[in-house]
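*Asks:* First, the structure itself, so that you have it in front of you.
Nothing in this text is a laboratory measurement; each read-out follows from the coordinates by a stated rule. From a predicted model like this one, the values you see are computed outputs, not experimental measurements. All Cβ positions, glycine included, derive from the backbone under ideal geometry; neighbour counts span all protein chains shown.
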Amino acid sequence: MSEKIAIKNKALKVFITGATSGIGESLAHQYANQGATLGLVGRRLELLHKIKLNIKTPCEIYGVDVTDQKNLQKAANHFIKKYGAPDIVIANAGVSSGTLAGEKKDLHTFKRIVEINLFGVIHTFLPFIEIFKKQKSGQLVGIASVAGIRGLPGSGAYSTSKAALINYLESLRIEMKSFGIHVTTIAPGYIHTPMTKHNRYIMPFILDVDVAVSRFIKAIQNKRRFVIIPWQMNIASTIMKFLPASLWDFLAKGGPKKIRKMI
Ligand SMILES: NC(=O)c1ccc[n+]([C@@H]2O[C@H](COP(=O)([O-])OP(=O)(O)OC[C@H]3O[C@@H](n4cnc5c(N)ncnc54)[C@H](OP(=O)(O)O)[C@@H]3O)[C@@H](O)[C@H]2O)c1
């Protein structure tokens, strides 16, 4: 079975943001193991160099901040010029921090989280959409979160950014359909990565990063429109989504809070 996937994916070209750690790093290694050509983006260029050393397939690295639209466009142009359009673009870069929605001091962090988690995804996709439209193929993948399903107290910025991202990806999916472009939204629950390392609360159904990413890759291969991983979180999120506001307020009030820090 795995040999079959490897052959099928031999010529794949995959462009991934947030590839310096966690989910992005695992995506890079798992796609490389399937023979894919890679374009990897992250701010910490030294980490990208280290990752590239362990990748045997063609791999371009770009030390770019996803909020920097011009340089991201340049990176995309460089990749397209060298290898042609990628088959899959995965907008995975993201940040998380506790914020208080009614606190002036948190405004800067709030804006920065939305800028990275929402506009960073838009910046990532835009350079590829024109060429995808011309060739009538291509897949755009956004890594959202179950935190985007309902407003979370103490994580307003993150929750807002992921809710907006889910809706943006849905609009995009419908707009892209007639051009033969697929859009996949992946909303993960908890995954062991540097992002969750310092959480001091119980994280139900938490997955090992490589296990989670192999499920992401399957969902991408199957061109899923919207998927919550793991399935237990899918059930929990569906219940969360339909709870009346009064009940949600009661349950969420005592929920876990992420540490507040400036970004
Ligand atoms: N872990 C979870 O439980 C979980 C759950 C739901 C959703 N997610 C989402 O999954 C994605 C990956 O997170 P992770 O868990 O793998 O966390 P992580 O290990 O902290 O990885 C985040 C990645 O995003 C990159 N990044 C952050 N800001 C960036 C920027 N401005 N420009 C370019 N790259 C940037 C980081 O690279 P540099 O710092 O080098 O730039 C890093 O490679 C995020 O979108 C996150 O919201 C994670």
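*Asks:* In segment 191-202, what residues are in contact (Cβ under 8 Å) with a residue 24 or more places away in the chain and surrounded by 14 or more Cβ atoms within 10 Å (Cβ to Cβ)?
*Replies:* Ile191, Thr193, Met195, Asn199
*Asks:* I've got another one for you. Exactly one condition in (1) within 13 Å of the ligand (Cβ to nearest atom); (2) in a helix (DSSP H, G or I); (3) in contact (Cβ under 8 Å) with a residue 24 or more places away in the chain; (4) more than 22 Å from Lys70 (Cα to Cα) is not met by Phe119; state its number.
*Replies:* (4) is the only condition that Phe119 fails.
*Asks:* Considering only residues that are among the basic types (Lys, Arg) and part of a loop (DSSP other than H, G, I, E, B), look in segment 24-68 and name the one that is nearest to Phe125 (Cα to Cα).
*Replies:* Only one residue fits best here, namely Arg43.
*Asks:* Which number in (1) part of a strand (DSSP E or B); (2) within 11 Å of the ligand (Cβ to nearest atom); (3) of a type in the set (S, T, N, Q) marks the one condition that Thr184 misses?
*Replies:* (2)
*Asks:* Go through segment 150-165 and give me each residue that's touching a residue at least 40 places away in the same chain (Cβ under 8 Å) and either assigned to a helix (DSSP H, G or I) or under 24 Å from Gln221 (Cα atoms) (or both).
*Replies:* Gly156, Ala157, Tyr158, Thr160, Ser161, Lys162, Ala164, Leu165
*Asks:* For the subset of segment 39-64 comprising residues that are within 23 Å of Pro188 (Cα to Cα) and without any contact (Cβ under 8 Å) to a residue 40 or more places away in the chain, which member is surrounded by the fewest Cβ atoms within 10 Å (Cβ to Cβ)?
*Replies:* Arg43
*Asks:* Of all residues in segment 41-67, which are in contact with a Phe, Trp or Tyr (Cβ under 9 Å, 6 or more places away or on another chain), closer than 25 Å to Glu115 by Cβ and more than 9 Å from the ligand (Cβ to nearest atom)?
*Replies:* Glu60, Tyr62
*Asks:* Counting only residues that are closer than 19 Å to Pro153 by Cα and of a type in the set (Phe, Trp, Tyr), give me the helices (runs of 4 or more DSSP H) lying completely in segment 198-261 with at least 1 of them.
*Replies:* 231-242, 245-253
*Asks:* For residues in segment 76-95 being surrounded by 23 or more Cβ atoms within 10 Å (Cβ to Cβ) and within 13 Å of the ligand (Cβ to nearest atom), which is nearest to the chain's Cα centre (by Cα)?
*Replies:* My answer is Asn92.
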